[in-house]
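Okay, structure first, notes after.
A short reminder: the numbers here are calculations on the coordinates, not readings from a lab. Everything numeric here is computed off the predicted structure, so don't read it as measured data. Here the Cβ positions follow ideal geometry from the backbone for every residue, glycine too, while neighbour counts run over all protein chains shown.
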Amino acid sequence: MERLDQAILQTYVRFDTPADQIVADPDLATSFGQEVNAQLSRAQQVDQATLNKRLLNLRRRGEEKGGLPRLRRDYHGRGSRPR
């Protein structure tokens, strides 16, 4: 799992997209999964459902406990960016 978590973390930072958005968009999830699996040996590669579950678990864990870091945004709050 450690190598999988590292691959997820590196890809997540490179994608710069919230985990919920990755999981909710099938095309984005597929691209994310391909990039993660490209970093792993054939024996360590995982299916999309397993990857999505692990991604959300790492998000819930938080950066302080070895999970995903918060993405840096150039705006405050939720919703659309200010005009």
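Some notes on this structure:
- Taking the chain and dividing mean pair separation by its residue count, relative contact order in percent (alpha carbons under 8 Å, at least six apart): 29
- Cα-based convex hull, the chain, per residue volume (Å³, whole number): 100
- Residue-span extension gain [Glu63 to Ala24] - 0.36 nm each, minus C-alpha spacing: 11.9 nm
- Radius 12 Å from Cβ of Ala19, net charge of other residues (Lys, Arg +1; Asp, Glu -1): +3
- The fewest-to-most ranking of Lys53, Lys65 by surrounding Cβ atoms within 10 Å reads Lys65, Lys53.
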